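First the structure, in the form of structure tokens, and then the observations on it.
The values are calculated or read from the model by the stated rules, or taken from the named source; none is laboratory data. These numbers come from a predicted model, not from an experiment. Cβ atoms come from the backbone with ideal geometry, glycine included; neighbour counts cover every protein chain shown. Accessible surface is based on the protein model in full, side chains and every heavy atom, while ligands, DNA and RNA are left aside. Shrake-Rupley method; radii C 1.70, N 1.55, O 1.52, S 1.80 Å.
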Amino acid sequence: MPSALAISGLEKTYKGGFHALKGIELNVEQGDFFALLGPNGAGKSTTIGIITSLVNKTAGKVSVFGHDIDLELEQAKSFIGLVPQEFNFNQFEPIMKILLNQAGYYGVERSIALGRAEKYLKQLDLWDKRNEPARQLSGGMKRRLMIARALMHEPKILILDEPTAGVDIELRRSMWNFLRELNQQGITIILTTHYLEEAEMLCRNIAIIDSGIIVENTDMKSLLAKLDIETFVFDLKPSTALQSFKQFNARAVDDHTLEVDVKKSQTINRVFDELNKHGLDVLSMRNKSNRLEELFVNLVGRGQLADENVVKEK
Amino acid sequence: MASSKNIIALKSILHKEIHRFMRIWVQTLVPPAITISLYFVIFGSLIGARIGEMAGFDYMSFIVPGLIMMSVITNSYSNVASSFFSAKWQRNVEEMLVAPVPNWVIVAGYVGGGMARGILVGGIVTLVAMFFVDIQIHSFAIIIITVALTSATFALGGLINAIFAGSFDDISIIPTFILTPLTYLGGVFYSISLLPEFWQGVSQINPIVYMVNAFRYGFLGISDVSLIHSFAVLGIFIVSLYTIAMVLISKGIGLRS
Ligand SMILES: Nc1ncnc2c1ncn2[C@@H]1O[C@H](COP(=O)(O)OP(=O)(O)OP(=O)(O)O)[C@@H](O)[C@H]1O
Ligand SMILES: [Mg+2]
């Protein structure tokens, strides 16, 4: 069974000489829900642009369900549905027309396209707007329009470039559910995001890209397990002793809140012992849910290091 | 090659293109009708009467084919130039680029849209002309073939213009500085046999002379140039412009970074 997406040695140097991708290796299995994470300018959209033939690659290989984009571009294209980062529909065209045109470009018969358009517009809550020109939609509606458009030819792999950017929490959750359902129906999904929570909630596998290099590529569980430090937040009885508590990299947030870092090898009992010694009374505690964020900052730091090495080698 | 999927894709592009200029008919279909009426009033009735005959026909009858041709040229060119450029500008051209649409289908779809507008406007202008002059037809086949080939030529030109264009200004430069002068000097208003020999020679390198004369032959049965030359010129232009357009699109010039 070929991978849904296989990328090797992918390089991109833009006109003007900017080296945006420096040898990307990526493999996404069929049926996966895959996150591509990275800071602004890391090269996520460039990578997606090359997969979807909107950007010319400088070097490397890309194949989609076993079809090399250099040799069998049209087959490769027919498997992919793309939800781009920026709105790219004709603002003056009515929603229904946009969907039917897109289906037409993929060779879908009009009668079939009409049925699909109705199905997806209803599922994505845009049916009432079907005859309105796209410019009259709100930002969140425009994102959903692009999702509906990407599904018109029933792709086997759906690639979403920051689908929930600028989307409110409630809508984001309903989009997540929609994407989960698609994935359960067997569609491979790749999404890029800046919301770590999103990747953690949805995705089974993850790659982190920074400065055009993949700095991590693993499954979500082992990634989270790699993080051996957890941060706890203690709510204490107000005390001046709080300021002098320095163990466990402690940080006093105010006169009754303390944050401490605990390694996996240490036990929380020891934290309590130390707090007792200082006469600090614990009212409540919780763990700070920033695990992925920390990890992210760690890994991205590493990426920058790698980058500097590349520069030095020249 | 022309699988059923490609036919569906081609129909979609054509449908979209025709729908576009029909939706904005006030900008696309009405102005040529007004322009042509003005030409008739001024050159036909007011000045034409003083000019007398041209190549054996009264002046109005002589200029009608050229005026129709002029509107076919401008409309097929500007339809593709503005539609394709606006698709680049709004980035909805990406809808086609990500889909498995072969490049020839994209070219054929846009060119077909430009031809549709050129021919429709040509028809409208012909109808308007019938109010001013008795239209006679020498060879209907020549009229149809010439108008189809001419509109295809200029639709291809408009497409190439839009591929290179980086701003809306860039799609008005060629029409203003090249197309309009060539059309006015292309024998629409006069028979080039009236020109001094030197300028007759210069006119021979103006492709529009060949198109206008072939078209006029279809109506009046007279031409300043041989029909064989006219169709040869049209054929050469279509083949070369099509080749250029295909190369540009497959290289992704102006479309892919
Ligand atoms: N057309 C272009 N010409 C030159 N440089 C470009 C072009 N497009 C992108 N870049 C550069 O390539 C790098 C990667 O851009 P890309 O859009 O892939 O980042 P990204 O990971 O998608 O970022 P974001 O999260 O902000 O969307 C950036 O430094 C960007 O400035
Ligand atoms: Mg991006």
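Name the residue that is nearest to the other protein chains (Cβ to nearest Cβ), counting only residues in the range B:76-98 that are closer than 20 Å to B:I124 by Cβ and of a type in the set (S, T, N, Q).
The extreme case among them is B:S83.
Only one of A:V28, A:V62, A:V83 is buried (at least 20 other Cβ atoms within 10 Å of the Cβ) and more than 19 Å from B:L97 (Cα to Cα); which?
Within the list A:V28, A:V62, A:V83, the selection yields A:V28.
Within the bounds of the range B:208-216, is there any residue that is surrounded by fewer than 23 Cβ atoms within 10 Å (Cβ to Cβ) and at pLDDT 90 or above?
Looking through the range B:208-216, none of the residues is surrounded by fewer than 23 Cβ atoms within 10 Å (Cβ to Cβ) and at pLDDT 90 or above.
Hey, which of the helices (runs of 4 or more DSSP H) in the range A:32-114, taking only ones fully inside, have at least 1 residues that are within 8 Å of chain B (Cβ to nearest Cβ) and touching a helix residue (DSSP H, G or I) at 6+ places or on another chain (Cβ under 7 Å)?
Ranges flagged: A:73-79, A:95-105.
If I go through the range A:185-195 residue by residue, how many of them are more than 16 Å from ligand 2 (Cβ to nearest atom) and either open to solvent by 10 Å² or more (accessible area, probe 1.4 Å) or not assigned by TED's automatic domain parsing to the domain that holds A:D32 (or both)? Write out each step before concluding.
To start, the set of residues in the range A:185-195 that are more than 16 Å from ligand 2 (Cβ to nearest atom) comprises A:185-189.
Still in the running and either open to solvent by 10 Å² or more (accessible area, probe 1.4 Å) or not assigned by TED's automatic domain parsing to the domain that holds A:D32 (or both): A:185-187.
Residues that pass the stated criteria total 3.
Residues being within 25 Å of A:A225 (Cα to Cα) and polar (S, T, N, Q): count how many of those fall in the range A:158-202.
4
Would you pick out the residues in the range A:56-94 that are among the hydrophobic types (A, V, I, L, M, F, W, C) and in contact with a strand residue (DSSP E or B) (Cβ under 7 Å, 6 or more places away or on another chain)? Let's see the steps before the verdict.
Narrowing the range A:56-94 to residues among the hydrophobic types (A, V, I, L, M, F, W, C): A:59, A:62, A:64-65, A:69, A:71, A:73, A:76, A:79-80, A:82-83, A:87, A:89, A:92.
Selection gives A:A59, A:V62, A:V64, A:I69, A:A76, A:F79, A:I80, A:L82, A:V83, A:F92.
Pull up the range A:48-98, narrow it to residues that are away from ligand 1 (no atom under 16 Å from the Cβ) and basic (K, R), then point me to the one that is farthest from A:G9 (Cα to Cα).
Among residues in the range A:48-98 that are away from ligand 1 (no atom under 16 Å from the Cβ) and basic (K, R), the one farthest from A:G9 (Cα to Cα) is A:K97.
Scan the range A:115-145 for residues that are over 27 Å from B:S3 (Cα atoms) and within 14 Å of another protein chain (Cβ to nearest Cβ) and jot them down.
A:N131, A:P133, A:A134, A:R135, A:K142, A:L145
Tell me, which helices (runs of 4 or more DSSP H) lie completely within the range B:143-257 with 2 or more residues that are within 30 Å of A:Y14 (Cβ to Cβ) and within 14 Å of chain A (Cβ to nearest Cβ)? Steps first, please.
Values: elements: B:170-174, B:180-184, B:197-203, B:207-220, B:227-251.
In the range B:143-257, the matching helices (runs of 4 or more DSSP H) lie at B:227-251.
Output the number of the condition that B:V125 fails; it satisfies all remaining conditions of (1) touching a residue at least 40 places away in the same chain (Cβ under 8 Å); (2) buried (at least 22 other Cβ atoms within 10 Å of the Cβ); (3) within 14 Å of chain A (Cβ to nearest Cβ).
Of everything listed in (1) touching a residue at least 40 places away in the same chain (Cβ under 8 Å); (2) buried (at least 22 other Cβ atoms within 10 Å of the Cβ); (3) within 14 Å of chain A (Cβ to nearest Cβ), B:V125 misses just condition (3).
Here's the yes/no breakdown for (1) in contact (Cβ under 8 Å) with a residue 12 or more places away in the chain; (2) within 16 Å of ligand 2 (Cβ to nearest atom); (3) within 19 Å of A:I51 (Cβ to Cβ):
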| site | (1), (2), (3) |
| --- | --- |
| A:H153 | yes, no, yes |
| A:K156 | yes, no, yes |
| A:D168 | yes, no, no |
| A:R173 | no, no, no |
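Could you list, in sequence order, the residues of the range A:150-184 that are modelled with pLDDT of 95 or more and open to solvent by less than 10 Å² (accessible area, probe 1.4 Å)?
Answer for the range A:150-184, where residues must be modelled with pLDDT of 95 or more and open to solvent by less than 10 Å² (accessible area, probe 1.4 Å): A:A150, A:L151, A:M152, A:P155, A:I157, A:L158, A:I159, A:L160, A:D161, A:L179, A:L182.
Need the failing condition index for B:S61 against (1) open to solvent by 70 Å² or more (accessible area, probe 1.4 Å); (2) away from chain A (no Cβ under 14 Å); (3) more than 15 Å from B:V121 (Cα to Cα), just the number.
(1)
Criterion first (polar (S, T, N, Q), open to solvent by 20 Å² or more (accessible area, probe 1.4 Å) and more than 30 Å from B:S45 (Cβ to Cβ)) does B:S139 satisfy it? So that I can check it myself, show each step before the final result.
Numbers: polar (S, T, N, Q): yes; open to solvent by 20 Å² or more (accessible area, probe 1.4 Å): yes; more than 30 Å from B:S45 (Cβ to Cβ): no.
No.
Provide a single number: the residues in the range A:31-54 that are within 16 Å of ligand 2 (Cβ to nearest atom) and open to solvent by 20 Å² or more (accessible area, probe 1.4 Å).
Adding up the residues that qualify gives 5.
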